[in-house]
Amino acid sequence: MQQQEVVQVISDATKYRETYDEVYDHVLSRLAASNQIYTLALVNEILLNDFGGKTEILAEENVYAKNINKQYFRAFKEEILNTFKWPTAMANISLILFWVFLYYSSLNTGFNSKPLTAAIGVIVILMCLFYYLKRYYLDRKSKKPSIKYSFLQASTSIGISFYVFAFFWFISKDSLVDIDNNLKTIIVLSLFCFTSIYLRAFIKLYGKKFTVLTA
Amino acid sequence: MAVNNELFKGTLQTIILNLLSENERMYGYEITQKVKSITQGELLLKEGALYPALHKLEAGGLLETTTEVVDNRVRKYYSLSQNGEKEVVNKLQEAKDFINQLQLLLNLKASL
């Protein structure tokens, strides 16, 4: 009963799981060390004295979330740049060679961009689905969302947004901008290269840093 | 006589980094208690200042975090990252230099 009360009070004062866990652990540690008899007023007093109250906790949470997001995007950018460093740059060099080979071989025979366009679409959709699967299925038992979901949502949405934009503006049959087939080939091949870099950087970031930051 | 908390605000990050370099990993409440015990209650580290500082160091990549379930609740432990280990040396040197300068300044003033 007492624990439920504490859970309720802290739940009302926090937005993200990480802050909730931290404040909850702190309050219970303080209550355990305190000589005073448990009352709800005591819990509120701890929150007010130690954290400055609900408003302060929420304000600090927002600052924390912004900083963590910045840090994730910085790390994501680093991972993208890392794909151009040796020896991982080999993959990019192979991609460029593949790009050049496909482009020049398509000059005479024409280029069927459909399989490549479909492959890019599948990749960016799967990335988006990964976010929804993690957020709403794997993590469905969590009372509060994790602070890292805003980054995960933003970073997986970038790919699909860019793809939709490029598809409807340049690639599709009824594209908004009328471009010749040669330029269309260049756009599809370039999009494929960017998607590959974006996906590899995302996987690296997720594997390396996602569990370290805001555990 | 209790130390004025305002005086050590600028060194809060150094204190945290140093504590974490001496203890492999610590959680928020543990840090406040450690400071209290080392300074024999003269210096009280307010949580309202501690957690923002911890989060800032974490977002800055100087701290790493792990979680563990203790007594049916999730406890978040902070430890130094590789960058944090390098930074603690710089921060300690900065603090030492500052203390030396402060001593020099205050001694000079006192002798005037």
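The values are calculated or read from the model by the stated rules, or taken from the named source; none is laboratory data. Keep in mind the model is a prediction, meaning the values are calculated, not measured. Cβ: placed from backbone, ideal geometry, glycine included. Neighbour counts: every protein chain shown.
Could you pull out the residue among A:Ile37, A:Ile46 that is over 28 Å from A:Asp139 (Cα atoms) and buried (at least 16 other Cβ atoms within 10 Å of the Cβ)?
When all the criteria are applied, what remains is A:Ile46.
The rows are residues; the columns are (1) under 16 Å from B:Lys76 (Cα atoms); (2) free of Cβ contacts under 8 Å to residues at least 40 places away in the same chain; (3) more than 13 Å from every other protein chain (Cβ to nearest Cβ).
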position	(1), (2), (3)
A:Gln8	no, yes, yes
A:Tyr20	yes, no, no
A:Leu28	yes, yes, no
A:Leu47	no, yes, no
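Residue check: B:Asn18 meets all listed conditions (1) within 14 Å of chain A (Cβ to nearest Cβ); (2) at pLDDT 90 or above but one, namely (1).
Filtered by the rule that a residue be of a type outside the set (Gly, Ala, Ser) and either surrounded by 13 or more Cβ atoms within 10 Å (Cβ to Cβ) or touching a Leu at 6+ places or on another chain (Cβ under 7 Å) (or both), segment A:75-95 gives A:Phe76, A:Glu78, A:Glu79, A:Ile80, A:Asn82, A:Thr83, A:Thr88, A:Asn92, A:Leu95. Which residues, taken from segment A:62-71, are within 9 Å of chain B (Cβ to nearest Cβ) and either not in a helix (DSSP H, G or I) or not polar (S, T, N, Q) (or both)? Within segment A:62-71, A:Val63, A:Tyr64, A:Lys66, A:Ile68, A:Lys70 qualify.
Identify all residues within segment A:107-158 that are within 30 Å of A:Asp180 (Cβ to Cβ) and without any contact (Cβ under 8 Å) to a residue 40 or more places away in the chain; write none if there are none.
Across segment A:107-158, the qualifying residues are A:Asn108, A:Thr109, A:Asn112, A:Lys114, A:Pro115, A:Ala118, A:Val122, A:Ile125.
Residue by residue, here is whether (1) more than 7 Å from chain A (Cβ to nearest Cβ); (2) within 16 Å of the chain's Cα centre (by Cα) holds:
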| position | (1), (2) |
| --- | --- |
| B:Thr39 | yes, yes |
| B:Leu43 | yes, yes |
| B:Glu68 | yes, no |
| B:Lys76 | no, no |
| B:Lys86 | yes, yes |
| B:Lys96 | yes, yes |
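Do you know which residues across segment B:79-103 are of a type in the set (Lys, Arg) and farther than 28 Å from B:Thr67 by Cβ? B:Lys96, the sole residue that qualifies.
Going by what's in this entry, would A:Ile80 be described as within 14 Å of chain B (Cβ to nearest Cβ), outside any loop (DSSP other than H, G, I, E, B) and at pLDDT 90 or above?
Taking the combined requirement at face value, the residue does not satisfy it.
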